[in-house]
Amino acid sequence: MKTAIDKVVTLHYTLTDESGATLDRSSATEPLAYLHGHGNIIPGLEKALEGTEVGFKSKITVAPSEGYGEKKPEAIFEEPHENFGPDMNLEPGMQVYAEGKHGPITFTVVELTDTGVVLDANHPLAGKTLHFDVEVVDVRPATQEELAHGHVHTGHGHH
Ligand code: ZN
């Protein structure tokens with residue numbers, strides 16, 4: 001069976017950046033399963049997997065425009081210190097969370113200044129060229145329920 005719209009694809013992947021540092025990888029015991037053609041994974045990876053079958057093994061390079069987008073300068077801003085709890089030990093590189101209109105938003109702390117905290121709301125992988133090492137281990141038709149929900153249902157409950 002070939003990877004196509006409405007198929008559930010299971011794959012092992014390792015994600016590295018330009019320097020070769022590993023950013024993310026699927027668990028050895030529980031590879032990533034996703035519903036193909038529904039925007040559940042980044043566009044560059046979804047396109048590269050189109051038409052592949054079990055056993056497909058490849059290195060896939062994804063430009064920022066086909067990945068997590070370019071870094072938006074307007075998403076980097078300063079919040080005054082008083083907007084943070086007194087016992088938050090903020091440090092550059094830390095992630096903080098806020099409740100947004102469409103669910104939780106993650107910010108990365110860029111730096112602490114005399115007046116406040118510089119936060120970056122860009123996705124941590126925005127602006128990065130991504131290198132995936134992938135292996136397709138299963139392709140199956142999605143169930144009616146999965147299609148109705150627009151995502152995969154695994155044996156681990158609903159997410
Ligand atoms: Zn569901």
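Since every read-out is calculated from the coordinates, none of them should be taken as a lab result. These numbers come from a predicted model, not from an experiment. All Cβ positions, glycine included, derive from the backbone under ideal geometry; neighbour counts span all protein chains shown.
Odds and ends about this structure:
- Per residue of the chain, the DSSP helices (runs of n ≥ 4 H) give a summed -39500 (n - 2.57) that works out to -2000 deg cm²/dmol at 222 nm.
- Charge sum, other residues only, whose C-beta stays under 15 Å from His151's C-beta, Lys/Arg counted +1 and Asp/Glu -1: -2
- Candidate lysines - alpha carbon under 26 Å from Lys59, same-chain residues fewer than 8 apart omitted: Lys2, Lys7, Lys47, Lys71, Lys128
- Stretched out straight at 0.36 nm per residue, the stretch from Val54 to Glu70 would grow longer than its current Cα-Cα span by 2.5 nm.
- Projecting the Cα positions of Gly116, Thr16, Ala148 onto the charge dipole of the chain (unit charges on Cβ atoms of Lys, Arg, Asp and Glu, taken about the Cα centre) puts Ala148 furthest along the positive direction.
- Trypsin sites (Lys or Arg not before Pro) restricted to segment 69-132 and DSSP loop, no more than 11 other C-beta within 10 Å: Lys101
- Relative contact order, whole percent, for the chain stands at 35, derived from Cα pairs under 8 Å and 6 or more residues apart.
- Spin-label pair Ala63/Ile5, simplified geometry with 7 Å Cα→Cβ offset, distance in nm: 2.5 nm
- Full-stretch length increase - Asp87, Leu147 - with 0.36 nm per residue and alpha-carbon distance subtracted: 17.1 nm
- Candidate aspartates and glutamates for bridging to Lys72, where Cα separation is under 18 Å - those fewer than 8 sequence places away on the same chain excluded: Glu111, Asp120
- Peptides 78-86, 29-37 ranked from most to least packed give 29-37, 78-86, packing being the mean of other C-beta atoms within 10 angstrom over each peptide's residues.
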